Amino acid sequence: MDMFCYQCQETAKGSGCTLRGVCGKLPETSARMDLLLYATRGVAILNTLLRKNGEADREADHQVIDALFTTITNANFDNPSLDDYIRRAFEVKRELKAKCEKAAIALPDAPEVALEATPADYEKLESVTGVLAEPDPDKRGLRQLAIYGAKGAAAYARHAANLKYEDDEVYAIIEEVLADVSRADISVDELVKVVLRMGEGGVKAMALLDSANTGTYGNPEITKVDIGVRKNPGILISGHDLRDLEELLEQTAGTGVDVYTHSEMLPGQYYPYFKKYPHFAGNYGNAWWKQVDEFETFNGCFVFTSNCIVPPRQTATYTDRIYTLGVVGMPGTHHIEADAEGRHDFSEVIAKAKTCPAPTEIEHGEIIGGFAHHQVEELAPKIVDLIKRGKIRKFVVMAGCDGRFPSRNYYTEFAEALPDDCVILTAGCAKYRYNKLPLGDIEGVPRVLDAGQCNDSYSLVRIAMALQEAFGLESINQLPLVFNIAWYEQKAVIVLLALLYLGVQGIHTGPTLPAFFTPDILKVLQEKFAIGTISTVENDIATLIGEK
Ligand code: SF4
Ligand code: SF3
């Protein structure tokens, strides 16, 4: 069967994956995701109606965010797991219908609400549930833009919920957006508003996750992170979920197994709370896409708490040592279910890790991070002084994702070419393109300030607002601050929408613009927000930074 997916930056030919995903997603998986999202839109429509009546269902909120999250790029490649999600979506939908009937709420005349199906129907329903079911490319693009934003926000809401931080408004916006994009009669203008509404939800979701992470584990602080190895066998933890990190550190204490971070878990190192664990080793390796090589030399076990997991090569020796949690799934690996309190039992992973050799060193040294809003606000007087004295000319926000395409060398070259009075503000795995370069510091302030994970882009906004206040400016657009962000998957989409919602102008996003931006969508975004993409390093330094 064929498929159609264009949700990430690496989509085939820059237009859409049709035979199989560049990420490794198969058509049977893609169609299951389409069916899941279609049924979930039905749930969202019903829960939005119930919410108006003061009867929104929290179980349904959770079903909605988990369905969105599991369909994000590089999260779930496992068909039986997706079948479970589909069954659950239809079950919740039936429960909500019954709730509506009880409350005398008339069921809306929407096919997403009416559809009854089983997971086995995925193929025959693809023409109804798939992205191409919308024939108009502009409406299709805007609908998907809103849905992709919802996926990113849902991921953040899930991590926050795992720490018992929930905000009904975040759920309300996600569901309202899913309900709105399901309206057959919605116009392009209305869809643009829906997209910005999703951006508002993104700001709230990131603020919620920031409260959850810092409220539970303290404020990130300046930290030097070892990138070498120790002598014990290790478990490598990847993804974004800090509660999972805490559980793993707790259960591995005293076992003789060390815990290392990988990719987006690196910022776990910056939280004071985790520093008390002597077996919490450093960060091993680089961004997500290098896992196919780096997992071979790590030698131990792997725990995935969220995206980005990559299908192991046929010749991979580590597949059986991968353990997935939450919405993550990969055939041939192990999935650890949470108990009723959301806790995981890692004893099998620990036992397996004990039989493994210690990691092989692939690099050594230290990287520095922990520049989230609280830490930077403490440094604010110094930073303001450096700006006033002309020592710092510009801040360049280079947050976002990394990816495997060679075109991303641009970001390394851009960082290297930046004049030495410019400081990079980063968050997300995009940082691996330049966080090991010797870029130095400006009177003790490092030239790469890493705030944390992609969701910590919220921190970058807080930092910008603090500077705006310090300089008494009306808008953050007046700051010596430019945006050259890299995107790959849908978490970067919600970061972008959040920035647009906050009125940030002139964002450059690359290495290529999304395939779902049609020329007309791009025109609107250019007119309203002066959005652009990248060209050459030389040109972009000239336009973004300019002459001294
Ligand atoms: Fe293609 Fe990206 Fe979709 Fe994977 S997630 S199928 S690479 S567009
Ligand atoms: Fe990276 Fe997947 Fe997006 Fe969280 S881990 S930023 S790509």
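For Ala44, state whether it is under 15 Å from Val92 (Cα atoms), in contact (Cβ under 8 Å) with a residue 40 or more places away in the chain, surrounded by fewer than 22 Cβ atoms within 10 Å (Cβ to Cβ) and of a type in the set (Gly, Ala, Ser). Spelling it out, it is not the case that Ala44 is under 15 Å from Val92 (Cα atoms), in contact (Cβ under 8 Å) with a residue 40 or more places away in the chain, surrounded by fewer than 22 Cβ atoms within 10 Å (Cβ to Cβ) and of a type in the set (Gly, Ala, Ser). For segment 23-45, the count of residues that are among the aliphatic types (A, V, I, L, M), in a helix (DSSP H, G or I), within 16 Å of ligand 2 (Cβ to nearest atom) and out of contact with any Cys (no Cβ under 8 Å at 6 or more places or on another chain) is zero.
Out of (1) over 23 Å from Asp84 (Cα atoms); (2) within 7 Å of ligand 1 (Cβ to nearest atom), what's the single condition that is false for Thr18? It is condition (2) that Thr18 fails. Being within 10 Å of ligand 1 (Cβ to nearest atom) and either closer than 23 Å to Met330 by Cβ or among the hydroxyl-bearing types (Ser, Thr, Tyr) (or both) is a description that applies to Thr11.
All conditions in (1) touching a Ser or Thr at 6+ places or on another chain (Cβ under 7 Å); (2) on the phi < 0 side of the Ramachandran plot; (3) touching a residue at least 40 places away in the same chain (Cβ under 8 Å) hold for Gly370, with the sole exception of (2). Residues in segment 1-16 that are crowded, with 23+ Cβ neighbours inside 10 Å and of a type in the set (A, V, I, L, M, F, W, C): Met3, Cys5, Cys8. Residue-level check: of (1) surrounded by 24 or more Cβ atoms within 10 Å (Cβ to Cβ); (2) away from ligand 1 (no atom under 16 Å from the Cβ); (3) in contact (Cβ under 8 Å) with a residue 40 or more places away in the chain, Gln63 misses just (3).
Of the listed requirements (1) touching a Leu at 6+ places or on another chain (Cβ under 9 Å); (2) surrounded by fewer than 24 Cβ atoms within 10 Å (Cβ to Cβ); (3) in contact (Cβ under 8 Å) with a residue 60 or more places away in the chain, Glu176 misses just one: (1).
Among the candidates Tyr458, Tyr488, which residue alone is at pLDDT 95 or above and either outside any helix (DSSP H, G or I) or touching a Cys at 6+ places or on another chain (Cβ under 8 Å) (or both)?
On the way: Tyr458 fails: either outside any helix (DSSP H, G or I) or touching a Cys at 6+ places or on another chain (Cβ under 8 Å) (or both).
Going through Tyr458, Tyr488 in turn, just one is at pLDDT 95 or above and either outside any helix (DSSP H, G or I) or touching a Cys at 6+ places or on another chain (Cβ under 8 Å) (or both): Tyr488.
Could you check segment 434-463 and list, in sequence order, the residues that are farther than 24 Å from Leu242 by Cβ and either in contact with a helix residue (DSSP H, G or I) (Cβ under 9 Å, 6 or more places away or on another chain) or within 16 Å of ligand 1 (Cβ to nearest atom) (or both)? Steps first, please.
Of segment 434-463, the ones farther than 24 Å from Leu242 by Cβ are 434, 437-445, 447.
Residues satisfying the conditions are Tyr434, Leu437, Leu439, Ile442, Glu443, Gly444, Val445, Arg447.
Of everything in segment 122-152 that's β-branched (Val, Ile, Thr) and closer than 17 Å to Cys8 by Cβ, which residue is surrounded by the most Cβ atoms within 10 Å (Cβ to Cβ)? Only one residue fits best here, namely Ile147.
Scanning segment 233-255 for residues that are within 15 Å of ligand 2 (Cβ to nearest atom), more than 16 Å from the chain's Cα centre (by Cα) and acidic (Asp, Glu) returns a single hit, Asp244.
Among the residues making up segment 499-514, a single one is within 14 Å of ligand 2 (Cβ to nearest atom) and either among the polar types (S, T, N, Q) or assigned to a helix (DSSP H, G or I) (or both): Thr509. Residue count for segment 271-312 under the criterion of being surrounded by fewer than 21 Cβ atoms within 10 Å (Cβ to Cβ) and closer than 19 Å to Val327 by Cα: the result is 2. Does Phe69 count as under 24 Å from Thr509 (Cβ atoms) and either assigned to a helix (DSSP H, G or I) or within 16 Å of ligand 1 (Cβ to nearest atom) (or both)? Yes, satisfied.
The values are calculated or read from the model by the stated rules, or taken from the named source; none is laboratory data. Everything numeric in this text was worked out from a predicted model, so none of it was measured. Here the Cβ is made from the backbone with ideal geometry for all residues, glycine too, and neighbour counts use every protein chain on show.
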